[in-house]
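S.K.: Structure below; questions to follow.
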Amino acid sequence: MGSEYPNILFIMTDQLTARALPFYGHPTVKTPHLFAMAESGVVFENAYCNSPLCAPSRASMMTGQLPSRIGAFDNAAPFAADVPTLAHHLRAQGYHTCLSGKMHFVGPDQLHGFEERLTTDIYPSDFGWTPDWENFETRPSWYHNMLSVVQAGPCQTSNQLDFDEEVAFQSTRKIFDLARRPDDRPFFLLASFTHPHDPFAITPEYWNRYDPAEIDDPAVPPLPVDRLDPHSRRLHYVCAMGRYAQT
């Protein structure tokens, strides 16, 4: 794989907050492999997503443009095929571009500059998640809510765990395949995992690494309900679960 350009392996996770990582100061979380990467690499102190939502954030990252500029306002917003992406630019420079895992591309184009996808996506590519802007006070029953928290726990397997295992397997196999290929093009491989996005279920091996008594309570005191933002107030009452301390 000799080339004047370096090979690029882009490892992406979903909803992994910096505050939950030891090299950003968390005292309890154990991530030895990520810690080793941080020790030998570069750690950003000021890196922010351009959207709190999945599809707009990914579209913004891939294009280098604000979600408002490309019309990515929600998780059902179509990602136009004529908008250049990082994969398009790298491909134009001679890179072999591969995608493994979750990208939440909405619309018929499921490549957006990648030459091949090694797995399916875990999210739908249609417009079924389009918000009802005329009935905005009604929250769909399937939408993320406190059930993800109260149902957290160990499991033997899950759809999400199986998906991430496939992403890792296909990515590893592709790297070996690329090493054996006859041409010398550099590669760009994006391996995108769905965890630690909810549901918060993991195998006992990892669940049992932590003693609940060792996990610190939130340092910020709970706010009165009438001082919470509207979204937090909805979470407060969702699914008839009662009131939960928000921090």
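The values are calculated or read from the model by the stated rules, or taken from the named source; none is laboratory data. Model, not experiment: these values are computed from the prediction. Reconstructed Cβ throughout: ideal geometry from the backbone, glycine too, with neighbour counts over all protein chains shown.
S.K.: Take ALA59 and decide whether it is in contact with a Ser or Thr (Cβ under 7 Å, 6 or more places away or on another chain) and either in contact (Cβ under 8 Å) with a residue 60 or more places away in the chain or on the phi < 0 side of the Ramachandran plot (or both).
M.R.: No.
S.K.: Please give the number of the condition PRO140 fails out of (1) in contact (Cβ under 8 Å) with a residue 60 or more places away in the chain; (2) under 28 Å from HIS231 (Cβ atoms).
M.R.: Single failed check for PRO140: (1).
S.K.: Modelled with pLDDT of 85 or more and exposed (fewer than 10 other Cβ atoms within 10 Å of the Cβ) - does that describe any residue in the range 197-208?
M.R.: First pass over the range 197-208, keeping only residues modelled with pLDDT of 85 or more: 197-208.
Pick out the ones that are also exposed (fewer than 10 other Cβ atoms within 10 Å of the Cβ) and you get 205.
Among the residues of the range 197-208, at least one is modelled with pLDDT of 85 or more and exposed (fewer than 10 other Cβ atoms within 10 Å of the Cβ), which makes the answer yes.
S.K.: Checking ASP162 against (1) without any contact (Cβ under 8 Å) to a residue 24 or more places away in the chain; (2) more than 21 Å from GLN15 (Cβ to Cβ); (3) part of a helix (DSSP H, G or I), which single condition isn't satisfied?
M.R.: For ASP162, the exception is condition (2).
S.K.: Now a separate question. Kindly provide the set of residues from the range 58-84 that are among the charged types (D, E, K, R) and not in a loop (DSSP other than H, G, I, E, B), ordered by number.
M.R.: The answer is ARG58, ARG69.
S.K.: Looking at the range 33-63, which of its residues are more than 19 Å from GLN15 (Cα to Cα), out of contact with any Pro (no Cβ under 8 Å at 6 or more places or on another chain) and not hydrophobic (A, V, I, L, M, F, W, C)?
M.R.: Within the range 33-63, GLU39, SER40, GLY41 meet the criteria.
S.K.: Can you confirm whether ARG173 is more than 30 Å from ILE202 (Cα to Cα), of a type in the set (D, E, K, R) and either in a helix (DSSP H, G or I) or at pLDDT 90 or above (or both)?
M.R.: no
S.K.: Output the residue which, of all residues in the range 112-147 that are closer than 25 Å to THR13 by Cα, β-branched (Val, Ile, Thr) and out of contact with any Phe, Trp or Tyr (no Cβ under 7 Å at 6 or more places or on another chain), is modelled with the lowest pLDDT.
M.R.: THR130
S.K.: Among the numbered conditions (1) outside any loop (DSSP other than H, G, I, E, B); (2) surrounded by 21 or more Cβ atoms within 10 Å (Cβ to Cβ); (3) at pLDDT 95 or above, tell me where ALA55 comes up short.
M.R.: Condition (3) is where ALA55 drops out.
S.K.: Looking at the range 214-247 only, could you name the residues that are at pLDDT 80 or above and assigned to a helix (DSSP H, G or I)?
M.R.: GLU214, VAL225, ASP226, ARG227, PRO230
S.K.: Which condition does ALA213 not pass, out of (1) under 19 Å from MET12 (Cβ atoms); (2) of a type in the set (A, V, I, L, M, F, W, C); (3) loosely packed, with under 10 Cβ neighbours inside 10 Å, if it passes all the others?
M.R.: Evaluating ALA213 over (1) under 19 Å from MET12 (Cβ atoms); (2) of a type in the set (A, V, I, L, M, F, W, C); (3) loosely packed, with under 10 Cβ neighbours inside 10 Å leaves (1) as the failure.
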